[in-house]
Amino acid sequence: MSIKPLLLKLLAFKAWANQDLFPLVMRLNESSQAQERHNATRVLNHIYVVDKIFHGNLQGLAHGYTGLNTPDTPALADLFQAQQNADQWLERYVSGLSEAELAEPVDFIFIDGKAGRMARAEMLMHLITHGGYHRGAVGRILFQAGVQPPPETLTTFMHRAA
């Protein structure tokens, strides 16, 4: 099996999971659940920042970030739109790559200044697993706020898509 179809499926899953999760965070009350909403937004912003860092790394371009989150917390609606754009960019980017390009190692600099080298496919897998890990943390915040988090499983995604 080639890696490209699998990566595209996992990136579609990532986008679907973001589209399920953000609206639930947006429903948290801005007054009575302000801390939960803020904490969830900070985690979601971290996912976005790491995605954007690796967008730069994948292309060999400077990403402009000096940390793994931003000092200011963006408005949740703006972050949701930015994340959707980032997810769409990833799918378009991978669609345009060959299997050889996915396997090609790319040199980059981590945020801490250390040199890194990963294949493009490894970078993409990092974004997929990293986002899932942190969306789970947002799900826990939602659960503690009395909101049932969405089921984020590949099987649920595939079942709904069928």
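The values are calculated or read from the model by the stated rules, or taken from the named source; none is laboratory data. Note that the coordinates shown come from a computational prediction; the quantities given were computed from them, not determined experimentally. Note: ideal-geometry Cβ built from the backbone for every residue, glycine included; neighbour counts use all protein chains shown.
Just to be sure, is A34 out of contact with any helix residue (DSSP H, G or I) (no Cβ under 8 Å at 6 or more places or on another chain), at pLDDT 95 or above, over 17 Å from M125 (Cβ atoms) and exposed (fewer than 15 other Cβ atoms within 10 Å of the Cβ)? Walk me through how you get there before you give the answer.
Numbers: out of contact with any helix residue (DSSP H, G or I) (no Cβ under 8 Å at 6 or more places or on another chain): yes; at pLDDT 95 or above: yes; over 17 Å from M125 (Cβ atoms): yes; exposed (fewer than 15 other Cβ atoms within 10 Å of the Cβ): yes.
It is true that A34 is out of contact with any helix residue (DSSP H, G or I) (no Cβ under 8 Å at 6 or more places or on another chain), at pLDDT 95 or above, over 17 Å from M125 (Cβ atoms) and exposed (fewer than 15 other Cβ atoms within 10 Å of the Cβ).
Do we find that T70 is β-branched (V, I, T) and in contact with a Pro (Cβ under 9 Å, 6 or more places away or on another chain) in this structure? Spell out how you get there, then give the answer.
On the way: β-branched (V, I, T): yes; in contact with a Pro (Cβ under 9 Å, 6 or more places away or on another chain): no.
No, not satisfied.
Kindly establish whether L28 is over 15 Å from the mean Cα position of the chain (by Cα), among the hydrophobic types (A, V, I, L, M, F, W, C), part of a loop (DSSP other than H, G, I, E, B) and closer than 30 Å to V147 by Cα.
Values: over 15 Å from the mean Cα position of the chain (by Cα): yes; among the hydrophobic types (A, V, I, L, M, F, W, C): yes; part of a loop (DSSP other than H, G, I, E, B): yes; closer than 30 Å to V147 by Cα: yes.
Yes: the conditions hold for L28.
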Is at least one residue of the stretch 124-134 exposed (fewer than 15 other Cβ atoms within 10 Å of the Cβ), without any contact (Cβ under 8 Å) to a residue 24 or more places away in the chain and in a helix (DSSP H, G or I)?
yes
Would you pick out the residues in the stretch 72-119 that are charged (D, E, K, R) and farther than 15 Å from I3 by Cα?
D72, D78, D87, R92, D107, D112, K114, R117
Out of all the residues in the stretch 54-96, which are closer than 21 Å to F108 by Cα and polar (S, T, N, Q)?
N57, Q59, T66, N69, T70
Given the conditions (1) assigned to a helix (DSSP H, G or I); (2) without any contact (Cβ under 8 Å) to a residue 60 or more places away in the chain, report the number of the one that G146 does not fulfil.
(1)
What's the number of the only condition in (1) in contact with a helix residue (DSSP H, G or I) (Cβ under 7 Å, 6 or more places away or on another chain); (2) loosely packed, with under 13 Cβ neighbours inside 10 Å; (3) among the small types (G, A, S) that A100 fails to meet?
(1)
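How many residues are part of a helix (DSSP H, G or I), surrounded by fewer than 14 Cβ atoms within 10 Å (Cβ to Cβ) and without any contact (Cβ under 8 Å) to a residue 40 or more places away in the chain when one looks only at the stretch 40-87? Before the answer, list the steps.
Of all residues in the stretch 40-87, those part of a helix (DSSP H, G or I) come to 40-59, 76-87.
Subset that is surrounded by fewer than 14 Cβ atoms within 10 Å (Cβ to Cβ): 59, 77-78, 81, 85.
Then drop every residue that is not without any contact (Cβ under 8 Å) to a residue 40 or more places away in the chain, which leaves 59, 78, 81, 85.
Adding up the residues that qualify gives 4.
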